[in-house]
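Worksheet for the structure shown next.
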Amino acid sequence: MDSFIQRHTGWIEVICGSMFSGKTEELIRRVRRAQIARQKVELFKPSIDTRYSENEIVSHDSQKLPSRVVKDANEIIALSLEAQVVAIDEAQFYKKNLVKVAKTLANMGKRVIIAGLDTDYRGEPFQPIPELLAIAEYITKTHAICVICGNPANFTQRKTESVDQVLLGTSDIYEARCRNCYEPPKKSEKKKENKRK
């Protein structure tokens, strides 16, 4: 019995939804609760996301927390060795290696909280969130309010003609829409993007 060592079990939590649905707000809420509990937290954001701040995660309602900025998800493991909680915002800006990183961290006994878009402006799955959903212990789906009719919104409507899957912007480029009010991009726009791939 003396040789038995209890190992803390890690897990993965995913917060996903459309733009303006409160994903970052929920991530910040969970991080703050962990900090109140005096847990060691490391918070990360991708270097591509410079919309509101260079080195903070910031919600659309201006809540913010200092974060580490990383270019590649693989950097997160070495920077989280002492952490009990690892929080990662804007997961859609990372490559699919984020899935392996999340598994590794959870297997090390850490609580991993990840927030990101689950679908892109075309209404199609936005990697790596779909794979993260498959391996997560806990999933929270957030909803915005449709700017057209006020119903729960699960789609991100792009207001420009750009066909790039990743296009940084806020309410100047995007708005939340429900299923009925969402207008998928024209087929010609989808063809242009497929040619680029």
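Considering 144, 87, 83, 106, the condition of being touching a residue at least 24 places away in the same chain (Cβ under 8 Å), touching a helix residue (DSSP H, G or I) at 6+ places or on another chain (Cβ under 8 Å) and not charged (D, E, K, R) is satisfied by 87 alone. When residue 90 is tested against (1) more than 15 Å from the chain's Cα centre (by Cα); (2) crowded, with 18+ Cβ neighbours inside 10 Å, just one condition goes unmet, and that condition is (1). Hey, among the residues in the stretch 161-194 that are over 20 Å from residue 61 (Cα atoms) and among the small types (Gly, Ala, Ser), which one's modelled with the lowest pLDDT? Taking the candidates together, the pick is 188. Taking strands (runs of 3 or more DSSP E) as the structural unit, those lying wholly within the stretch 32-119 and holding at least 3 residues that are closer than 18 Å to residue 17 by Cβ correspond to 111-117.
Quick check: anything in the stretch 110-121 free of Cβ contacts under 8 Å to residues at least 40 places away in the same chain and either surrounded by fewer than 15 Cβ atoms within 10 Å (Cβ to Cβ) or within 22 Å of residue 85 (Cα to Cα) (or both)? For the stretch 110-121, residues free of Cβ contacts under 8 Å to residues at least 40 places away in the same chain and either surrounded by fewer than 15 Cβ atoms within 10 Å (Cβ to Cβ) or within 22 Å of residue 85 (Cα to Cα) (or both): absent.
For the stretch 148-160, state whether one or more residues are modelled with pLDDT under 95 and over 21 Å from the mean Cα position of the chain (by Cα). Yes, there is a match, as at least one residue in the stretch 148-160 is modelled with pLDDT under 95 and over 21 Å from the mean Cα position of the chain (by Cα). The residue pairs whose first member lies in the stretch 54-71 and is free of Cβ contacts under 8 Å to residues at least 24 places away in the same chain and loosely packed, with under 15 Cβ neighbours inside 10 Å, whose second member is among the β-branched types (Val, Ile, Thr) and outside any loop (DSSP other than H, G, I, E, B), and whose beta carbons are closer than 8 Å, counting only pairs six or more residues apart or on different chains, are 54/69; 55/69. What about residue 84, is it under 29 Å from residue 10 (Cβ atoms), surrounded by 16 or more Cβ atoms within 10 Å (Cβ to Cβ) and not hydrophobic (A, V, I, L, M, F, W, C)? In short, yes. Of the residues 25, 90, 13, 56, the single one that is in contact with a Pro (Cβ under 6 Å, 6 or more places away or on another chain) and within 22 Å of residue 143 (Cα to Cα) is 90. The requirement of being more than 13 Å from the chain's Cα centre (by Cα), surrounded by fewer than 18 Cβ atoms within 10 Å (Cβ to Cβ), modelled with pLDDT of 95 or more and among the β-branched types (Val, Ile, Thr) is not satisfied by residue 101.
The values are calculated or read from the model by the stated rules, or taken from the named source; none is laboratory data. The structure displayed is predicted, hence computed values, not measured ones. All Cβ positions, even for glycine, are placed from backbone atoms using ideal geometry, and neighbour counts span all protein chains on display.
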